[in-house]
Amino acid sequence: MDGQPLIGEQVVIFGQGVVGLLTTALLARLPLASLVTLDRYPLRRETSLALGAHASLDPVERQALTQLHALLQQGQQGADLTYELSGNPAALEQAVAATGFSGRVVIGSWYGQKRADVDLGDGFTAAACA
């Protein structure tokens, strides 16, 4: 609920473990424009699709973000709402990159002792100057 999803939004979820799959199942009940999930494991991606995701991608593939942006509706620069639920610090930077201008990123991961480096440079500078 922290993301406050709205009707017609494009939503992306990184991570399809237990929390990610539950989030997918809840969001699939809403009339979203698109619901795309990403996870490394094929069985989780299949389960995600069975729960109502419109598409599910492998974030490790080289063209994952390109494929993700192609799945989002034309005219959008990225997702309206992105959930990072993978527990992988590298996914946080992907989540930020997948989110469009004025979009929201909800971080529901626990990284433990792992450091999460996020580049908030070029994209944020360009947006602030526009």
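The values are calculated or read from the model by the stated rules, or taken from the named source; none is laboratory data. Everything numeric here is computed off the predicted structure, so don't read it as measured data. Note: ideal-geometry Cβ built from the backbone for every residue, glycine included; neighbour counts use all protein chains shown.
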### Query
Given Leu57, Leu38, Leu21, which one is touching a residue at least 40 places away in the same chain (Cβ under 8 Å), touching a Lys or Arg at 6+ places or on another chain (Cβ under 9 Å) and of a type in the set (A, V, I, L, M)?
Leu38
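Considering only the stretch 51-68, I want to know if a residue exists there that is in contact with a Gly (Cβ under 6 Å, 6 or more places away or on another chain) and of a type in the set (A, V, I, L, M).
no
Touching a residue at least 24 places away in the same chain (Cβ under 8 Å), touching a helix residue (DSSP H, G or I) at 6+ places or on another chain (Cβ under 8 Å) and within 22 Å of Thr47 (Cα to Cα): is that true of Leu65 in this structure?
Yes.
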### Summary
When every residue in the stretch 76-99 that is touching a strand residue (DSSP E or B) at 6+ places or on another chain (Cβ under 7 Å) and surrounded by fewer than 18 Cβ atoms within 10 Å (Cβ to Cβ) is compared, the one modelled with the highest pLDDT is Gln77
### Task
Exactly one condition in (1) buried (at least 20 other Cβ atoms within 10 Å of the Cβ); (2) within 12 Å of the chain's Cα centre (by Cα); (3) part of a loop (DSSP other than H, G, I, E, B) is not met by Gly3; state its number.
(1)
### Task
Consider only pairs whose beta carbons are under 6 Å apart and that are at least six residues apart or on different chains; among these, list those whose first residue lies in the stretch 91-117 and is on the phi < 0 side of the Ramachandran plot and of a type in the set (D, E, K, R) and whose second residue is in a helix (DSSP H, G or I) and modelled with pLDDT under 85.
Lys114/Pro89
### Task
Give the stretch 6-27 a look and list any residue that's hydrophobic (A, V, I, L, M, F, W, C) and within 14 Å of the chain's Cα centre (by Cα), or say none.
Val11, Val12, Ile13, Phe14, Val19, Leu21, Leu27
## Note on the structure
Note on the stretch 30-75: residues modelled with pLDDT of 90 or more, out of contact with any strand residue (DSSP E or B) (no Cβ under 7 Å at 6 or more places or on another chain) and not in a loop (DSSP other than H, G, I, E, B) are Pro42, Leu43, Arg44, Glu46, Thr47, Ala50
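Table: residues versus (1) outside any helix (DSSP H, G or I); (2) in contact with an Asp or Glu (Cβ under 7 Å, 6 or more places away or on another chain); (3) over 18 Å from Leu6 (Cα atoms).
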| site | (1), (2), (3) |
| --- | --- |
| Tyr83 | yes, no, no |
| Gly87 | yes, no, yes |
| Ala97 | no, no, yes |
| Phe101 | yes, no, no |
### Message
Residue under question is Gln16, and the condition is that it be touching a Lys or Arg at 6+ places or on another chain (Cβ under 9 Å), among the polar types (S, T, N, Q) and assigned to a loop (DSSP other than H, G, I, E, B); does it hold?
### Response
yes
